[in-house]
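Asks: Encoded as structure tokens, here's the structure I'll be asking about.
The values are calculated or read from the model by the stated rules, or taken from the named source; none is laboratory data. Because the structure is a prediction, the values reported are computed rather than measured. When we count neighbours, we look across all protein chains shown, and the Cβ atoms used for this are built from the backbone with ideal geometry, even at glycine. SASA here: full protein model, heavy atoms, side chains in, ligands and nucleic acids out. Shrake-Rupley method; radii C 1.70, N 1.55, O 1.52, S 1.80 Å.
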Amino acid sequence: MNLLETAKLTKYFGDTHAVDKVDFTIGEGEVLSLIGSNGAGKTSLVNLISGLILPDSGQIRFRGEDITKENVHARIKAGIARSFQIVNLFDELTLLDNVALSIFSREGMTRRLFSLADRQQAVWQEAHDILRQFGLELKAEVLAGGISQGERKLLDVAVAYALKPRLLFLDEPTSGVSTREKAPIMDVISSIVRAQKITAVVIEHDMDIIFKYSDRIVVMHQGEILASGAPEAIRNDERVKDAVFGPTHA
Amino acid sequence: MSVKKTLIWAVPIAVLLLVLPQVVDPYPTILLAYGLVMAIAVLGFNLLLGYTGLLSFGHSAYFGVGAYAVAFMVKYLHVQSMELFVLGAIVASILVTALFGYVCVRYTKIFFSILTLALSQVLWSLAFKFFWVTGGTDGLRVPTPKLLGVATAEGEDKIYFLAHGYYYYVLAVFVICVALMWLIVHSPFGKALQAIRDNETRARFIGIRIRRYRFVAFLVSGVFTGIAGALWVPLNGLTTPDILYWPFSGEIVFMAVLGGFRNFTGPIVGAVVFNYLKTYAVGFTVYWQALMGVILVVLVMTLPTGIVGSAKLVYAVARRRLAK
Ligand SMILES: Nc1ncnc2c1ncn2[C@@H]1O[C@H](COP(=O)(O)OP(=O)(O)O)[C@@H](O)[C@H]1O
Ligand SMILES: [Mg+2]
């Protein structure tokens, strides 16, 4: 059984067919790349699946359950987490707090008004471990608003990862950082995803990164899925070349 | 901040507050009691502003509800016990904040502020319209209450009572409220509120039900302010619609900003300082409102992070200098 399936999932913004009757599947354990030129509808698809926006029509099934009408909270409980193309962090809180909050929330502890957060040793330990995995341990006590763009991108992923999701969406985890920083960031992320056997969907532009890290590639174009397949097959697909890399691309 | 680090500050201040009535005159002690009462109110208010990122411009409503709950209990139920007053104020403010909160937490930013303001003005106008219940502008009198079941001695001076027995009562409630609020803001729930304050979208996407959390924060906030209202009436001896009127909400906002709303202790310091400032300004000139306005503008412009924020900065700089 597929972990996630969408059926004729559709979202229009006025005349823009952001997501147009999309049938999209993710298998358990897959690391999948979602590619496509700017405005292809990748972020909108993730927004629909994660519950940020609701579809005009179509269905989303997660682990066999229809979650099309579920709210964000229910989807997170079910195990769908995401990071953001434009980072969303708790800027006035430390890196450690940013990650710990995911853990507190995951464990249902944020409902506790009359217990000291500091006393939850296990949570802080886990938060430290996660920061270490992402190479952010040295900045644990720094405010999230005061770190570099590359670090912010990593922290954004770490916050989603700390939810221990079954399915993790990473929306352009290396956008907005220098080319030099991209590979190290993807190395960190992919090694964690692989080691923890997390099912992940990564939206990415850098083709070297995509071909290196993914099991399967799904190509979107003008709100539709144009192609889906192994990296080699996609690399040689003429339609993909035209749509994504432009007709002049060698 | 750790428990230990906090107690290093808190214990000496508590001791100072304990011995104060023994060494100073009743009048400044009573003023301090007013300050402590307002501190409880502003502490509640700041759970919304400082920790949840919601500026309420209607906290006079909850203060008023607490105060009028006490006055009604005196008038209609002939209650005298201060504990029952506080209990009644808690129940009344839970009811009103639950209703107001249900409406307000659907909005944020300026919309939230305007809505809280509008709702508080509704209560204020009700206090006028139903003057046969509320006493209208004359207000309702509240006599000296029984503290822990003990009535004041026959013929005991009211001033003496307020500066001693009642002062200690207020101090005890104040200490409990501070400890509770400290616990709340340092709880996982308190962290979740700060997460909502910093980034609503992200808070949702780590599974925090933001509306629900805002609602609970709103309740807690209103109840603290309601308790303050209940404590305030016996001090004042009378409750009038003034405390439901919007300028009073404005004063609450100002106390938080003056002390520094990004610090836990800011509202406490702000409330006590504001209270003294206001009292002396009133005594100094009939144009006291203008004078206060000027003082406050100057203070806020020179100390943008409030008294506590600035003090912390000075302390940090001094320590670095000394360490060299
Ligand atoms: N909230 C929105 N309102 C209006 N149009 C939108 C909105 N979100 C996305 N779009 C449009 O939908 C299309 C797909 O956008 P998006 O999903 O962000 O693409 P991608 O992530 O692939 O670059 C674009 O044309 C974009 O302008
Ligand atoms: Mg995008």
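Asks: Packing-wise, with mean Cβ within 10 Å as the measure, how do B:24-37, A:13-26, B:308-321 rank, highest first? Let's see the in-between values first.
Replies: On the way: B:24-37: 19.1, A:13-26: 17.0, B:308-321: 12.6.
Answer by packing, highest mean first, reads B:24-37, A:13-26, B:308-321.
Asks: Still on this structure, please answer the following. Expressed as a whole number of Å, what is the distance separating the alpha-carbon centroids of segment B:76-96 and segment B:253-324?
Replies: 33 Å
Asks: Same structure, new question: So how far, in whole Å, is the C-alpha centre of segment A:171-250 from the one of segment B:212-248?
Replies: That distance is 57 Å.
Asks: Another one. Given H placed 1.01 Å from N in the peptide plane, which residues other than close sequence neighbours of A:Ser83 have an amide H under 5 Å from its amide H?
Replies: For A:Ser83, the qualifying residues are A:Phe169, A:Leu170, A:Asp171.
Asks: Nearest 100 Å², what total accessible surface is buried between chain A and chain B (probe 1.4 Å)? Intermediate values should be presented prior to the final figure.
Replies: Working: alone 12470 and 16470 Å², together 26110 Å².
Buried: approximately 2800 Å² between B and A.
Asks: I'd like the Karplus ³J(HN,Hα) series for segment B:116-123: coefficients 6.51, -1.76, 1.60, θ = phi - 60°, whole numbers in Hz, and an x wherever there's a Gly or Pro.
Replies: Using θ = phi - 60°, the values come out as 4, 4, 4, 5, 5, 5, 4, 4 Hz.
Asks: When the dipole is taken about the Cα centre of the protein assembly as shown, and only Lys, Arg (+1) and Asp, Glu (-1) are charged at their Cβ, what size is it in debye, to the nearest 20?
Replies: 680 debye
Asks: Based on alpha-carbon atoms only, what is the radius of gyration of the protein assembly as shown relative to the globular estimate 2.2 N^0.38 Å? Please list the in-between numbers first.
Replies: Numbers: Rg = 28.8 Å, N = 574, 2.2 N^0.38 = 24.6 Å.
For the protein assembly as shown, the normalised Cα radius of gyration is 1.17.
Asks: If you wrap a convex hull around the C-alpha atoms of chain A and split its volume per residue, what is the figure in Å³? Could you put the intermediate results ahead of the total?
Replies: On the way: hull volume 33.5 nm³, N = 250.
Spelled out: Cα convex hull of chain A, divided by residues, is 134 Å³.
Asks: If you don't mind, there's one more thing I want to ask. Among B:190-196, B:157-163, how do they line up from the highest to the lowest mean number of other beta-carbon atoms within 10 Å? Working shown, then result.
Replies: Details: B:190-196: 25.3, B:157-163: 16.6.
Ranking the peptides B:190-196, B:157-163 by packing returns B:190-196, B:157-163.
Asks: Can you give the three extents of the C-alpha atoms in segment B:277-324 along their principal axes, from longest to shortest, in whole Å?
Replies: Principal axes ranked by extent give 50, 18, 11 Å for the Cα atoms.
Asks: Which value, in debye to the nearest 20, gives the size of the charge dipole of segment A:79-198 about its Cα centre, when Lys and Arg are +1 and Asp and Glu are -1 at the Cβ? Could the numbers behind the result be given before it?
Replies: Numbers: 15 positive and 15 negative charges, 93 e Å.
Using Cβ point charges on Lys, Arg, Asp and Glu, segment A:79-198 gives about 440 debye.
Asks: Label 7 Å along Cα→Cβ of A:Ser57; segment A:14-34 residues with amide nitrogen under 16 Å?
Replies: Only A:14-23 fall inside the zone, counting backbone N under 16 Å.
Asks: Putting +1 on Lys and Arg Cβ atoms and -1 on Asp and Glu Cβ atoms, find which of B:Leu171, B:Leu235, B:Trp182 reaches farthest to the positive end of the dipole of segment B:3-244.
Replies: Of the candidates, B:Trp182 comes out farthest on the positive side.
Asks: Got a sec to turn the phi values of segment A:149-165 into Karplus ³J(HN,Hα) couplings, 6.51 cos²θ - 1.76 cosθ + 1.60 with θ = phi - 60°, whole Hz, x for Gly and Pro?
Replies: 4, x, 5, 5, 4, 5, 5, 4, 5, 4, 5, 5, 4, 5, 6, 6, x
Asks: For segment B:44-88, what value does the Rg/Rh ratio take when both radii are computed over Cα atoms and Rh is the Kirkwood radius, given to two decimals?
Replies: Details: Rg = 13.8 Å, Rh = 11.9 Å.
Dividing the radius of gyration by the Kirkwood radius yields 1.17.
Asks: Hey, can you grab everything whose amide H is under 5 Å from the amide H of B:Lys146? Only 5+ residues off in sequence or another chain; H modelled, so Pro and N-termini drop out.
Replies: Excluding prolines and chain starts, which carry no amide H, the hits are B:Ser81, B:Met82.
Asks: Can you give me the Kirkwood hydrodynamic radius for segment A:59-120, using every pair of distinct Cα atoms, in Å to one decimal? Present the calculation step by step, with values, prior to reporting the outcome.
Replies: Working: mean 1/r = 0.0718 Å⁻¹.
Kirkwood hydrodynamic radius for segment A:59-120: 13.9 Å.
Asks: Under the rule of at least 5 residues apart or a separate chain, name every residue whose amide H is placed under 5 Å from the amide H of B:Leu238.
Replies: Sorted by chain and number, the residues that satisfy this are B:Val142.
Asks: Please report, in whole Å³, the volume per residue of the convex hull around the C-alpha atoms of segment B:177-324. The partial results should precede the final answer.
Replies: On the way: hull volume 25.4 nm³, N = 148.
Measuring per residue, one finds 171 Å³ for the Cα hull of segment B:177-324.
Asks: If DNA, RNA and ligands are ignored and the probe is 1.4 Å, what is the ranking of A:Glu172, A:Glu238, B:Glu156 by accessible area, most exposed first? Working shown, then result.
Replies: Working: A:Glu172 15, A:Glu238 115, B:Glu156 70 Å².
Ranked list, largest accessible area first: A:Glu238, B:Glu156, A:Glu172.
Asks: Please report, in debye to the nearest 20, how large the charge dipole of chain A is about its Cα centre when each Lys and Arg carries +1 at its beta carbon and each Asp and Glu carries -1 there. Present the calculation step by step, with values, prior to reporting the outcome.
Replies: Values: 29 positive and 34 negative charges, 105 e Å.
So the magnitude is around 500 debye.
Asks: OK, next. Sort out for me the Cα centre separation of segment A:21-48 from segment B:138-164, rounded to whole Å.
Replies: Here the two parts' Cα centres lie 71 Å apart.
Asks: Using the basic label-point model (7 angstrom from Cα toward the beta carbon), what is the A:Met207 to B:Leu95 distance in nanometres?
Replies: Placing both labels 7 Å along Cα→Cβ, they lie 7.1 nm apart.
Asks: Here is a follow-up. Please average, across the residues of A:114-123, the number of beta carbons from any other chain that are within 10 Å of each residue's own beta carbon, and give a whole number. Before the final figure, lay out the partial values.
Replies: Details: counts 5, 6, 8, 8, 5, 4, 1, 0, 0, 1.
So the per-residue partner count for this stretch is 4.
Asks: Separate question: Which value results when the Cα radius of gyration for segment B:3-244 is divided by 2.2 N^0.38 Å? If you can, show how the numbers build up before the last one.
Replies: Numbers: Rg = 18.7 Å, N = 242, 2.2 N^0.38 = 17.7 Å.
Cα-based Rg divided by the globular estimate yields 1.06.
Asks: Calculate how steeply helix A:121-133 sits against the longest principal axis of the alpha-carbon atoms of chain A, using the helix alpha-carbon long axis, and give the answer as 0 to 90 degrees to the nearest 10.
Replies: For A:121-133 against chain A, the angle is about 40 degrees.
Asks: Do you know the Lys pair count in chain A for C-alpha distances under 16 Å, with sequence separation 8 or more or different chains?
Replies: Count of close lysine pairs: 13.
Asks: What does the average come to when, for each residue of peptide A:100-107, you count the partner chain Cβ atoms lying within 10 Å of its Cβ?
Replies: On the way: counts 2, 11, 6, 2, 9, 10, 2, 1.
Other-chain Cβ atoms within 10 Å of each residue's Cβ, averaged: 5.
Asks: How big, in percent, is the set of alpha carbon pairs in segment A:79-198 lying more than 21 Å apart? Before the final figure, lay out the partial values.
Replies: On the way: 2391 of 7140 pairs.
Distances greater than 21 Å cover 33 percent of the Cα pairs.
Asks: Take chain B, connect every pair of alpha-carbon atoms lying under 10 Å apart with a spring to form a Gaussian network, then pick out the residue of B:Trp246, B:Trp132, B:Trp124 with the largest mean-square fluctuation.
Replies: Per the Cα network of chain B with a 10 Å cutoff, B:Trp132 tops the list.
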